[in-house]
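First up is the structure itself, then whatever we jot down about it.
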Amino acid sequence: MPHGPYAGNHRQETQVNKIVLIDEYLCTACGKCVVLCPERILYIDEASNKCKVRDESQCDKLAGCQRVCPTKAIKITL
């Protein structure tokens with residue numbers, strides 16, 4: 001049985017290779033990160049209406065997407 005501060009919360013965080021983390025609970029699919037990303041690795045998935053990562057290996061790790069996200073749903077780990 002889950003326990004801890006988010007045990008009852010259906011919060012889902014997508015972790016891709018531990019570089020780009022997208023908290024799907026916080027993502028509103030505003031698209032600001034998609035527009036800003038120079039590598040075009042972010043996109044809004046039509047099925048889930050959430051931001052997703054295409055090819056994380058192309059990430060420049062400058063975290064522009066993280067800074068522009070109004071809900072702080074994106075984290076770039078180095």
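The values are calculated or read from the model by the stated rules, or taken from the named source; none is laboratory data. Note that the structure is a prediction, hence the values are computed from the model and not measured. Here Cβ is always computed from backbone atoms with ideal geometry, including for glycine, and neighbour counts include all displayed protein chains.
If you scan the stretch 46-72, which residues turn out to be under 15 Å from residue 36 (Cα atoms) and aliphatic (A, V, I, L, M)? Within the stretch 46-72, 53, 62, 63, 68 meet the criteria.
Tell me whether the stretch 58-72 contains one or more residues that are exposed (fewer than 12 other Cβ atoms within 10 Å of the Cβ), among the acidic types (Asp, Glu) and without any contact (Cβ under 8 Å) to a residue 40 or more places away in the chain. The answer is no, given that none of the residues of the stretch 58-72 is exposed (fewer than 12 other Cβ atoms within 10 Å of the Cβ), among the acidic types (Asp, Glu) and without any contact (Cβ under 8 Å) to a residue 40 or more places away in the chain. Looking only at residues of the stretch 48-57 that are surrounded by fewer than 12 Cβ atoms within 10 Å (Cβ to Cβ) and modelled with pLDDT under 95, we find that the one that is farthest from residue 30 (Cα to Cα) is 57.
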